[in-house]
Structures are given as structure tokens and as C-alpha cells.
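Below you'll find the structure, written out as C-alpha cells, and then a few comments.
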Amino acid sequence: MSTAWLKAFEVPDMPMWQPIAACVVYVTVNYLLSGRTREQTPSWIKGMALSHNAIMTVFSAWVCYETFAFVLPRAWEWDFIYSPTCNTLMVDDGSSPLPALSYFFYLSKIYEFLDTWIVLLKGRKPIFLQVFHHIGAVLIMWALTQFRTEATWLFLSLNSFIHTLMYARYALTVVGIHPPFKSLLTTMQLVQFVVGMGLSAPYFFIECLTGPAFWALACNNTYVTILVFLFADFFKKNYLAKKPKKE
């Protein structure tokens, strides 16, 4: 599959007000849709949910493939992955598809707001983890993309891989198929966070990682650390806590 168009794609400048405005819209719509009951669930929600999850499955698989296709052939070259000049991965010179992939992935994080809106349209209440996760993902992906942080490939590859499995499972559940690996996905989410932060650590010791790019990665790892605790708590409550016995 040719990546020429991805390498040639010019990522537009993204002022900070854009992701902030997107998050404000997200929170506003959440508020407007809150208070709905299950009886108010629209008849078309099943088709919407299936289409949404199918789109995200295909998109995530594509991002995962393109990212690994670019990185894996030279994954064992330290100076390529952890370049001392920070000019091998997130560069706009036509040699890398990662800036374009990162930009599209950032846009997909805004599109993923539909996850919450579908829950609300069904008359259910989204958990704090979901809302925090969506807002943080938009802001962090914006920063990583806007400031061309070299470590972005880690989050593109790992997150898109997990999302491929996650959205595929969601799509199957919409049509009544319930794969028995729900808890495994949460475990994989946690592993993804830990592995991503571990592999990103060397970037903090590269002299060229300075200014906004440095702080984008620092904010990302802070955000991911919080997610580790939130997902661990979610796992404990949903898969480890003993359910009360029926009398």
C-alpha cells in the first residue's frame, strides 16, 4: 500500500482554541443529552452504533498498519527510533507518514465523542473514566501532533491496535454477539499504557526534545498515569469485586 500521499500531506496548523472548543462542545452536548431515559432511546440508535463502531474498527486498523509498516523495518535502529536530532519520525520533509497519521488520529479522537453520545441517547450515564479519557485524548493528541513530538508513534501504534480490537468487539455486541474477552481488553489497555510510557522514557534524555514537544510528552505521560489508576479501579470494580449472592 503506497504511503506517498501520507508523506506528502501537509498537516495544517492547529491553534489551541480548536481542541478546547471541541471539548467544550463535547461537555455541552453531554449536558444537553443527560437526563434521558431508556424509554427515550431512538429507534435508529442501533444502526448508528453499528456504523460508528465499524468505521472506527477499520480506521484504527489502518492507522495501526501504516504506523507499524513505517516503524518496524527500522525498529531496532536506536538512532532512528531515538534520534539525537529528533528528525526521523515526526518530520514534515516528505520522508515520514507519521505527522499525517497523527493528525488524522487527532481528528478521530473528536469523532470518538460519539461513544459517549450514543450512551446518553440510550438513556444511560457515562462513567467519569470515559469522559476524562475522551477530553484528555483530544488535548494530548493535539499537542503531540502540533508540536511534532517524536514519541507520538508509540501512542499511534499501541492505541490504534487496542482500538481495533475494542471497536470490533463493540460492533459485534451491537448485533448480539458477545466475545468473551471484555476483561482482557481492559488488561491490554493497562499494558498499553505501561509499555507506552516505558518506551517513551528515553525521549526525555534526548537533548533535542525541548520546548513544547517536551511538555507535550510530559503532559501525555501524566495523563496516561492517571488513566492507569482509573482503568485499574475500573478493572477491580467490574472484574474482581465479588458479586452479592442471590437469596
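FYI, it's all coordinate maths here, none of it is from the lab. This one's a predicted model, so the numbers in the text were calculated from it and none came from an experiment. Neighbour counts run over all protein chains shown; Cβ positions are idealised from the backbone, glycine included.
Observations
- Rounded tilt (10° steps) of 98-111 against the dominant C-alpha axis of the chain: 20 degrees
- Label-point separation, Tyr65 to Ile226 (7 Å along Cα→Cβ), nm: 3.5 nm
- Dmax and Rg, reported as Rg then Dmax, of the chain (C-alpha, Å): 19.1, 68
- Hits among aspartates and glutamates - C-alpha to C-alpha of Lys122 under 16 Å, sequence gap 8 or more where chains match: Glu39
- Cβ-to-Cβ counts within 10 Å put Arg36, Arg74, Arg169 in ascending order as Arg74, Arg36, Arg169, the fewest first.
- Spin-label model, Trp44/Leu240: points 7 Å from Cα along the beta carbon direction are separated by 4.4 nm.
- Estimated [θ] at 222 nm from DSSP helical runs (n ≥ 4, -39500 (n - 2.57)) normalised by residues in the chain, nearest 500: -22000 deg cm²/dmol
- Using equal-weight Cα scatterers in the Debye expression, the normalised intensity of the stretch 162-230 in log10 at q = 0.19, 0.26 Å⁻¹ is -0.80, -1.09.
- Its Cα centre serving as origin, the stretch 4-238 has a Cβ charge dipole (Lys and Arg +1, Asp and Glu -1) of approximately 1240 debye.
- Cα pair distances of the stretch 96-189 binned at 5 Å [whole percent]: 2, 11, 19, 23, 20, 13, 7, 3, 0
- Inter-centroid distance (Cα atoms) of the stretch 180-229 relative to the stretch 59-79, Å: 17 Å
- Among Gly94, Tyr167, Leu144 the positive-end extreme of the charge dipole of the chain (Cβ point charges): Tyr167
- Distance between the 7 Å Cα→Cβ label points at Phe128 and Val194: 2.4 nm.
- Taking the chain, the Cys residues with no second Cys beta-carbon under 4.7 angstrom are Cys23, Cys64, Cys219.
- For the stretch 1-121, the fraction of C-alpha pairs more than 23 angstrom apart is 49%.
- In this structure, the pairs whose alpha-carbon distance is over 22 Å, taken from Lys46/Lys182; Lys109/Lys236; Lys46/Lys236; Lys46/Lys237, are Lys109/Lys236; Lys46/Lys236; Lys46/Lys237.
- Local charge for Pro84 was computed over the other residues whose Cβ lies under 12 Å away, with Lys and Arg +1 and Asp and Glu -1, and equals -3.
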